[in-house]
Amino acid sequence: MQIQAATDQAFIAGARPATEDRQLIDIALASDAHGAFVWGVLDRLLDEPRLSFRSITASGFGGIEAAVLAYGLALGGRRGARTALTNFWRRVSHASTSVAATANPLKSILEQSIDIAELHKNSCQLELNILTSNARTDTVTIFSGDQLSIDAILAGATVPFLFPPVEIDGDTYWGECDFSTLPAVQPIEAGHWLIVSGKPSGCMTPCAAYCLAANAVNSGSILFDSHHRTSAALFTRPWIDWGELTDMRDRGRQRAEDWLLADHPTLSESSVVDNKNRYV
């Protein structure tokens with residue numbers, strides 16, 4: 001995949017911000033959020049110069065999008081990330097309209113969309129956490145850092161019982177993890193959690209103190225698709241129309257824009273308006 005070589009380090013997590021008022025955000029992508037809606041949310045956030053991603057924790061199909069975004073950021077900054085996401089979804093749409101040459105077209109699409117080695121380099125400063133469920137013990141496993149692999153990302157997007165689990169280091173994993181099942185962790189650093197979910201109740205289940213879901217609900221925001229359709233249907237349908245996907249993307253962009261205007265009064269209206277229709 002061809003991506004602009006120059007990176008926009010001010011946007012990547014861990015980089016020194018260009019201004020003091022740059023807002024750090026940590027994103028959680030729930031497994032019930034439709035992938036194209038998530039695409040729209042991420043696409044709009046990439047347009048906003050006063051936001052900086054620090055981490056993405058993803059379950060389900062969103063893990064693939066998070067990996068594609070991280071790869072694009074590492075190679076080409078914001079424009080590279082938006083291009084990478086668009087190219088990925090074009091491959092998804094194309095694969096869904098043709099007879100698959102393999103039982104798992106998603107793996108082939110993922111291998112065409114990212115170079116896993118780039119996610120292990122220092123240039124990929126975005127903290128990426130892929131949630132999976134051990135198919136044997138039903139315990140949550142988080143893959144991050146050097147543990148990230150094509151198989152780990154694919155496992156996080158594998159729908160339990162509908163598709164076979166993915167084998168990694170002698171064990172088997174699949175996705176659809178609920179954030180409320182995560183073990184307790186220490187409070188996160190100052191920042192803002194943004195959860196992208198399929199419906200309002202998707203990530204609001206209370207759990208142990210300081211777990212991801214509790215922190216996110218108490219100190220962040222939840223964006224959900226008012227036209228909820230589970231992401232599990234992506235590869236069970238005979239086709240996915242590009243126009244339908246971009247409609248979902250646009251809905252995600254609009255929800256993200258509404259959130260920016262409502263929850264970030266320091267963001268200028270001119271910034272939002274200028275970016276309104278900037279599609280790759």
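Worth a mention:
- Test: residue in the stretch 148-168 that is of a type in the set (Asp, Glu), farther than 14 Å from Asn104 by Cβ and surrounded by fewer than 17 Cβ atoms within 10 Å (Cβ to Cβ): no
- Screening Asp32 with (1) of a type outside the set (Gly, Ala, Ser); (2) farther than 21 Å from His192 by Cβ; (3) without any contact (Cβ under 8 Å) to a residue 40 or more places away in the chain; (4) open to solvent by 20 Å² or more (accessible area, probe 1.4 Å) gives one miss only, at (3).
Here is a yes/no grid of residues against (1) in contact with a strand residue (DSSP E or B) (Cβ under 7 Å, 6 or more places away or on another chain); (2) charged (D, E, K, R); (3) assigned to a helix (DSSP H, G or I):
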residue	(1), (2), (3)
Ala28	yes, no, no
Gly40	no, no, yes
Arg44	no, yes, yes
Pro49	no, no, no
Ile56	yes, no, no
Ile64	no, no, yes
Ala67	yes, no, yes
Ala70	yes, no, yes
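- Counting the residues of the stretch 80-108 that are more than 20 Å from Asp250 (Cβ to Cβ), surrounded by 18 or more Cβ atoms within 10 Å (Cβ to Cβ) and modelled with pLDDT of 90 or more gives 1.
- The single condition among (1) farther than 23 Å from Arg22 by Cα; (2) in contact (Cβ under 8 Å) with a residue 40 or more places away in the chain that Leu128 does not meet is (1).
- Of all the criteria given as (1) in a strand (DSSP E or B); (2) touching a Cys at 6+ places or on another chain (Cβ under 7 Å); (3) of a type in the set (A, V, I, L, M); (4) more than 17 Å from Trp174 (Cβ to Cβ), the one not satisfied by Leu131 is (4).
The values are calculated or read from the model by the stated rules, or taken from the named source; none is laboratory data. Values in this document were obtained by computation on a predicted structure and should not be read as measured data. All Cβ positions, even for glycine, are placed from backbone atoms using ideal geometry, and neighbour counts span all protein chains on display. Heavy atoms of the whole protein, side chains included, go into the accessibility calculation; ligands, DNA and RNA do not. Shrake-Rupley method; radii C 1.70, N 1.55, O 1.52, S 1.80 Å.
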